[in-house]
1. Taking Ala152 as meeting all but one of (1) modelled with pLDDT under 95; (2) closer than 25 Å to Leu219 by Cα; (3) part of a loop (DSSP other than H, G, I, E, B), write down the number of the exception.
2. Just a yes or no: is a residue in segment 142-149 open to solvent by less than 40 Å² (accessible area, probe 1.4 Å), of a type in the set (A, V, I, L, M, F, W, C) and outside any strand (DSSP E or B)?
3. Of all residues in segment 23-41, how many are at pLDDT 95 or above and over 23 Å from Thr162 (Cβ atoms)?
4. Quickly run through segment 179-206 and pick out the residues that are open to solvent by 40 Å² or more (accessible area, probe 1.4 Å), under 22 Å from Tyr22 (Cβ atoms) and outside any loop (DSSP other than H, G, I, E, B).
5. Can you name the residue in segment 125-136 that is loosely packed, with under 15 Cβ neighbours inside 10 Å and part of a strand (DSSP E or B) and is also farthest from the chain's Cα centre (by Cα) among such residues?
6. Considering only residues that are acidic (Asp, Glu) and part of a strand (DSSP E or B), which ones fall in segment 159-178?
7. Of all residues being assigned to a helix (DSSP H, G or I) and among the charged types (D, E, K, R) in segment 207-223, which is nearest to Tyr239 (Cα to Cα)? Just the residue, please.
8. Would you please list the contacts, defined by Cβ atoms under 6 Å and residues six or more apart or on different chains, that run from a residue in segment 217-243 that is more than 16 Å from Tyr31 (Cα to Cα) and in contact (Cβ under 8 Å) with a residue 40 or more places away in the chain to a residue that is open to solvent by 10 Å² or more (accessible area, probe 1.4 Å) and among the aromatic types (Phe, Trp, Tyr)?
Amino acid sequence: MLLRSAASTHVGMRRQSNEDRYAIVPDLGLYLVADGMGGHKAGQVASHLAAEGSIRAIEALQGASVSLAERLRHAVACANREIFTAAQAKPELSGMGTTFVGMLFGGDRLALAHVGDSRAYLLRQGRLRGLTDDHSIVGELLRRHEISAADAAQHPHRHVLTRALGIRPRTEPDLAEMTPQEGDVFIMCSDGLTGFVDDKEIAEHLMSEPDLEAAAAALVDTANRAGGQDNITVLLVRYEKEA
C-alpha cells in the first residue's frame, strides 16, 4: 500500500504567531499535529519539542521488536519529558504545554496516539468518523451527557484541557491500533479547524476535492472565513493501493 499526504497550516485571522506544528516523516511512517500553549513564544517551543522529540524517539526504535502502539507511547513519553524539563529549566517557558495527535503506519497496520483536544478522523466510503475524544472540560461534560453539542460550542471553558504534553512529569496518551483500507483518508487537525468547521463540512470538502493539498488548503480557508480565531493546522493521509 502507498501513503499520500499533505498538510496546511495558518496563523489564523486573530493571532500574531502560529503555535501549531505538524510533521510528515514518510520514511518512519510518522504523521503528527501539535498545538502549543503557553506564554510569549512558549507554545511554539512546546509544539516544536513535541514534534522533534517524537521523531527522534521513533528513529531510535527502528528495528526493535516493539508494536506500533508502544512505539508511539514511547514517543509521547519522550516528548513530554523534553517539554517538561525545558519548562522547568527556563522561567520564561514555565507552564508551557501542547496537544498531540499522531499516527504511525507500518505494514498493513497503523497506531494512533492522542493527548489534548487536537483530533483525528477517518473518512471511509463517504462516512466521517471521529477517532479521538477531546481531553478537555467540555469533552468530559459531553461524554457524561451533561451538556449538548450546541452548549459545548459556546461553553466558557471549552478550551481548558484536562490533559496535555509537558504540564506534568508524565502523561498517558489514548492509544489505538487499526487496519486501514484502500481509499481511507485520515485527518489530523488542531482545534483551530474543529472549533469553526463542523464534521459535515470537513467530510464534504474531502469528498469533493480528491487532491489532498487542495483539500487541506480549502479546510484551512473555510476555518479562516468562519472567523479564524485560532491557529489552524490540517494534515491528511490517504491509504492507496500501489500501481
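The values are calculated or read from the model by the stated rules, or taken from the named source; none is laboratory data. Only a predicted model underlies this, so the values are computations on that prediction, with no experimental measurement involved. Here the Cβ positions follow ideal geometry from the backbone for every residue, glycine too, while neighbour counts run over all protein chains shown. Ligands, DNA and RNA are stripped out before the accessible areas are found, and what is left, the full protein with its side chains, is counted by its heavy atoms. Shrake-Rupley method; radii C 1.70, N 1.55, O 1.52, S 1.80 Å.
1. Against the list (1) modelled with pLDDT under 95; (2) closer than 25 Å to Leu219 by Cα; (3) part of a loop (DSSP other than H, G, I, E, B), Ala152 comes up short only on (3).
2. First, pick out the residues of segment 142-149 that are open to solvent by less than 40 Å² (accessible area, probe 1.4 Å): 147.
Filter again for of a type in the set (A, V, I, L, M, F, W, C), leaving 147.
If we keep only those that are outside any strand (DSSP E or B) as well, we get 147.
Yes, there is a match, as at least one residue in segment 142-149 is open to solvent by less than 40 Å² (accessible area, probe 1.4 Å), of a type in the set (A, V, I, L, M, F, W, C) and outside any strand (DSSP E or B).
3. The qualifying residues number 9.
4. Asp199, Glu201, His205
5. Among residues in segment 125-136 that are loosely packed, with under 15 Cβ neighbours inside 10 Å and part of a strand (DSSP E or B), the one farthest from the chain's Cα centre (by Cα) is Arg127.
6. Let us first name the residues in segment 159-178 that are acidic (Asp, Glu), namely 172, 174, 177.
Selection gives Asp174, Glu177.
7. Going residue by residue through segment 207-223, those that are assigned to a helix (DSSP H, G or I) are 207-208, 212-223.
Still in the list and also among the charged types (D, E, K, R): 213, 221.
Working: Glu213: 15, Asp221: 24 Å.
Result: Glu213.
8. Close Cβ pairs (under 6 Å, with a partner that is open to solvent by 10 Å² or more (accessible area, probe 1.4 Å) and among the aromatic types (Phe, Trp, Tyr)) amount to Ala223/Phe196; Gly227/Phe196.
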